[in-house]
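Engineer: Here it is: the structure, laid out below.
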Amino acid sequence: MWLTFKSPKLISSALLSKRLMSLGCLLLLAISPIALRAQEVIKPDLAQLENSEQWQQTLSQAQGETVYFYAWGGSKPVNDYLRWAATEIASRYKVRLRHVKVADISEAVSRLKAEDGSKSAIDLLWINGENFSYLKEQQLLLGELWSHIPNSAMLATQQLSLVNDFGVAIDGFEVPWGVGQFNLMADAKVFQQNTLTPSSLLAAAKQYPERITYPRPPEFHGTTFLKQLLVALSHNDQRLFVAATTQAQAELLPLLWNYLDQLHPLTWQQGKAFPSSNTEQLALLQQQQLLMAVSFNPNQLLKEQSEKGLPASAVRVYFAQGAITNSHNLAIPKGAQSPAGAKVVINFLLSELAQKHKLQGSWGDPAVITPLLDEASTLPAQQELHSSWQQVIEDKWQQKYGA
């Protein structure tokens, strides 16, 4: 499981201590006979899966296939990573990967809904949350992926929360391939601490009018910003982590709307307009029109600083309850025309090579496999809200502020 939240006063010392302990353990394990024996146990299992008749048949069927991968196209580092992956997959497996860039994966979900399980132009999806919940409920996804894809055996299910997606059991209908944690990248002068509360955010907005904002929902960064606020304003009300009842909505959502009514007049464009995405918001931060930008990647700030996109003085800030954390996942539609190729793509994206390149390259997305777990690259975690709250918040926000 993810790290549970600790008091802000204890975070830095606790994390430092844990990281030093983790480093020491890793050094001991590196030379330990027990570690060697553990590796001997793990490797034959993975090798057995890779050499199985089932997987060899999948590799054979996949050769020459083209996999149309419908995935968010709003990030250059992500797009660059997928171009690298496509080159590797073509060379190793004779499978062509085509990244079909979408502004929101709901576009692909709508297409699958219209196709209703018939042959689809979509072979692979990058999804999570309410989109997964809907497709699973409508029985539009291929199942048993974990048992059919060898590298699923390396998923860090004991250390990370990877078996549920926004409160919905994955049940083999999708495969995690990365982790998102919500945080802010900000000018160092804006926030006095590395943890954030609704009151400290409001105080910063008053001190720096029209320099703070968030992406317009239903863009997922913008919606997650609203969810972080609701968790904080409701003091982590447990009704947020189960299906959103009418009564729970009536009692909890006014906390968010009352807060936004105070915040919006102080934000960029006085709350009458919002950035279309976190990419646009980051550009506004780089142009010094804004003092903060949102991110779902706990390593993005370091990547931006290393590439001179943001100054070394910029800081990473997250909500005091912890950063909303979820996995982002890969799924194959039932009507996919290249299901074997799609499985080969997923298996590669879970490989140590691909996960390491994703973590250490320009994307910086945390790994989800046991050989590459890196506690130092993650934040204290806040549980993700149940998927039903996503649509509720977006619809109500649109009614109140969308015009």
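The values are calculated or read from the model by the stated rules, or taken from the named source; none is laboratory data. All figures in this text were calculated on a predicted structure; none of them were measured in a lab. Note that we place each Cβ from the backbone using ideal geometry, even for glycine, and neighbour counts take in every protein chain shown. For accessibility, only protein heavy atoms count, side chains too; no ligands or nucleic acids. Shrake-Rupley method; radii C 1.70, N 1.55, O 1.52, S 1.80 Å.
Engineer: Test of understanding: given the chain, find the longest segment containing no trypsin sites (Lys or Arg not before Pro) that are in a DSSP loop and have at most 13 other Cβ atoms within 10 Å.
Structural biologist: 1-118
Engineer: Using only the alpha carbons, work out the radius of gyration and Dmax of the chain in angstrom.
Structural biologist: Final numbers for Rg and Dmax: 21.5, 65 Å.
Engineer: Using protein chains only and a probe of 1.4 angstrom, how many square angstrom of residue 99 are accessible, to the nearest 10?
Structural biologist: Near enough 50 Å² of accessible area.
Engineer: When Lys and Arg each count +1 and Asp and Glu each count -1, what net charge do the other residues less than 12 Å away from residue 216, Cβ to Cβ, add up to?
Structural biologist: -3
Engineer: On the accessible surface of segment 139-289, probed at 1.4 Å, how many percent belong to carbon and sulfur atoms?
Structural biologist: Solvent-exposed carbon and sulfur of segment 139-289 make up 50 percent of the total.
Engineer: Got the relative contact order for segment 241-316 handy, in percent, Cα pairs under 8 Å and 6 or more residues apart?
Structural biologist: 15 percent
Engineer: Further question: Sum up the charges of everything whose Cβ sits under 11 Å from the Cβ of residue 297, counting Lys and Arg as +1 and Asp and Glu as -1, but leave residue 297 out.
Structural biologist: That sum, taken over residues with Cβ under 11 Å, equals +1.
Engineer: While we're on this one: State the antiparallel share, in %, of DSSP beta bridges confined to the chain, rounding to the nearest 5.
Structural biologist: Percentage antiparallel, nearest 5: 55.
Engineer: Rolling a 1.4 angstrom probe over the protein chains, ignoring ligands and nucleic acids, what is the accessible area of residue 274 in square angstrom, nearest 10?
Structural biologist: Answer for residue 274: close to 20 Å² accessible.
Engineer: Once fully extended, how much extra length lies between residue 356 and residue 337, figured as 0.36 nm per residue of separation less the alpha-carbon to alpha-carbon distance?
Structural biologist: Using 0.36 nm per residue and subtracting the Cα-Cα distance, I get 3.9 nm.
Engineer: Also: If we count GluC sites (Glu not before Pro) as exposed when they sit in a DSSP loop and have at most 10 other beta carbons within 10 Å, what is the longest stretch of the chain that avoids them all?
Structural biologist: Working: sites that count: 144, 307.
It runs 145-306.
Engineer: On average, how much accessible surface per residue is there in the chain, in Å², for a 1.4 Å probe, leaving out ligands, DNA and RNA? Mind dumping the intermediate values first?
Structural biologist: Details: 18270 Å² over 403 residues.
Computed with neighbouring chains in place, this is 45 Å² per residue.
Engineer: Charges only on Cβ, +1 for Lys and Arg, -1 for Asp and Glu: so what's the dipole of the chain about the Cα centre, in debye to the nearest 20?
Structural biologist: Result for the chain is approximately 840 debye, rounded to the nearest 20.
Engineer: If contacts are Cα pairs under 8 angstrom and at least 6 residues apart, what is the relative contact order of segment 142-269 in percent? Show your work: numbers first, answer last.
Structural biologist: Working: 84 pairs, mean separation 29.9, N = 128.
Averaging sequence separation for qualifying contacts and normalising by length gives 23 percent for segment 142-269.
Engineer: Add +1 for every Lys or Arg and -1 for every Asp or Glu among the other residues with Cβ under 13 Å from the Cβ of residue 72, and state the total.
Structural biologist: Net local charge, residue 72 excluded: -2.
Engineer: Taking segment 248-403 as the region of interest, what is the percent of Cα-Cα pairs per 5 angstrom bin, listed from the shortest bin to the one with the maximum distance?
Structural biologist: P(r) over segment 248-403, rounded to whole percents: 1, 7, 11, 15, 16, 17, 14, 10, 7, 2, 0.
Engineer: In this model, which of 136/272; 76/227; 343/396; 113/303; 303/400; 76/396 are farther than 29 Å apart at the alpha-carbon? Before the final figure, lay out the partial values.
Structural biologist: Working: 136/272 37 Å; 76/227 26 Å; 343/396 38 Å; 113/303 37 Å; 303/400 36 Å; 76/396 31 Å.
Pairs exceeding 29 Å: 136/272; 343/396; 113/303; 303/400; 76/396.
Engineer: On to the next question. How far, in degrees from 0 to 90, does helix 53-62 lean away from the longest principal axis of the Cα atoms of the chain, to the nearest 10?
Structural biologist: 70 degrees
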